[in-house]
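Asker: Dropping a structure here in C-alpha cells format, bear with me for questions.
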Amino acid sequence: MATIKCKDITFTNIQAILFDKNGTLENSEVYLRSLAQKAARLIDAQIPGIGEPLLMAFGVNGDTLDPAGIVAVASRRETEIAAAAYVAETGRGWFESLKIARQALDDAEKYLGTDPAPLFTGVLELLQSLSTANLKLGIVSAATTAEVNDFVAHHQLSDYIQAQIGVDNGVSKPDPRLFLQACQVLGVEPSTTLMVGDAVGDMQMARHAQAAGCIGITWIGKLDHVHGADVVINQLNQIQVVGS
C-alpha cells in the first residue's frame with residue numbers, strides 16, 4: 001500500500017494505478033489529427049463535400065485537435081460508426097456507409113504507418129518511480145488491445161505495465177467493466193486503484209467502478225475535459241509517492 005499525493009490531494013492505501021494511453025502517456029495529437037484529415041480526404045474523394053463536416057465531427061479544426069472530440073477519445077468502432085453516419089446522410093445504405101468509413105480509416109492508418117506516437121515528458125520516470133514503490137500499473141485505453149500492446153512493446157514499458165486493456169468489439173469507455181477487468185488482471189480491488197486520464201470518460205469509468213480516486217491530466221489547461229476528477233494536474237511529475 002502506498003500514499004500518493006497530487007498537489008494538495010492525498011490518496012492513501014493505494015495498490016495500483018491505471019492510465020489512459022492517448023493524451024495521457026502518449027503524445028498522439030499529431031498522429032490522430034493526421035489520421036482524421038487523411039480519412040476525411042479519402043471519404044471526400046468518393047463523396048464530394050463530406051470532408052469538412054466530417055473533420056468537424058472528428059474534432060479537427062485547422063491544425064488543432066479537440067482533446068474531447070471523437071478521434072481523441074472514441075474507440076475505433078465508435079469512430080467508424082460516427083463517420084458512417086455522415087456517409088449515410090448522403091443516401092447510401094448503412095452497410096455500404098460502414099464499409100466506406102472502415103476502409104478510409106484502414107487506408108489512412110496504412111498511409112501514416114503503425115509506429116506509436118512518442119511518450120509525453122516524464123512518463124518513463126513516473127512509471128519507474130511508481131514501480132519502485134511496488135505499485136501495480138496498467139493501461140485502460142479506447143485504442144484496440146493490439147495498439148496498446150504495440151505501444152508498450154515499442155516504448156519498452158513491459159517491465160512496468162502489467163495490465164494492457166484496450167477496446168476491440170466489446171464495451172468502451174466510460175463502461176466501468178474495462179476498469180474492473182484491469183483490476184482483475186492486476187489482482188487488486190478498485191477501491192485501492194487510481195485512474196489517471198485526460199478525458200471525462202476516464203473519470204466516469206473510474207467513478208462507476210468505485211475507484212480510489214481520479215487524477216485528470218490536461219497538458220493544454222482545459223479543465224472541463226477532465227470534469228469529475230478529484231485533482232487536475234498538467235505534468236505527470238505532480239504524481240508523487242510520499243509513503244508506503
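The values are calculated or read from the model by the stated rules, or taken from the named source; none is laboratory data. Just so we're clear, the structure is a prediction, and the values are computed from it rather than from any experiment. Backbone-built Cβ (ideal geometry, glycine too); neighbour counts: all protein chains shown.
Asker: For the stretch 233-244, what are the residues that are surrounded by 22 or more Cβ atoms within 10 Å (Cβ to Cβ) and in contact with a Gly (Cβ under 7 Å, 6 or more places away or on another chain)?
Answerer: LEU236
Asker: How many residues are within 17 Å of LEU130 (Cβ to Cβ), of a type in the set (Val, Ile, Thr) and buried (at least 22 other Cβ atoms within 10 Å of the Cβ) if we restrict to the stretch 195-231?
Answerer: Total satisfying the criteria: 3.
Asker: So, one more: Out of ALA182, ALA142, ALA163, report the one residue that is assigned to a strand (DSSP E or B), touching a residue at least 40 places away in the same chain (Cβ under 8 Å) and among the small types (Gly, Ala, Ser).
Answerer: Details: ALA182 fails: assigned to a strand (DSSP E or B); ALA142 fails: assigned to a strand (DSSP E or B).
Going through ALA182, ALA142, ALA163 in turn, the sole match is ALA163.
Asker: Continuing with this model, one more query. Inside the stretch 61-82, can you point out the residues that are assigned to a helix (DSSP H, G or I), out of contact with any Phe, Trp or Tyr (no Cβ under 8 Å at 6 or more places or on another chain), surrounded by 21 or more Cβ atoms within 10 Å (Cβ to Cβ) and free of Cβ contacts under 8 Å to residues at least 60 places away in the same chain?
Answerer: GLU80
Asker: Looking at VAL196, VAL200, can you tell me which residue is under 22 Å from ASN234 (Cβ atoms) and in contact with a Phe, Trp or Tyr (Cβ under 7 Å, 6 or more places away or on another chain)?
Answerer: VAL196
Asker: Taking the conditions exactly as written (in a helix (DSSP H, G or I), buried (at least 21 other Cβ atoms within 10 Å of the Cβ) and not assigned by TED's automatic domain parsing to the domain that holds ALA212), does ARG33 satisfy them or not?
Answerer: Yes.
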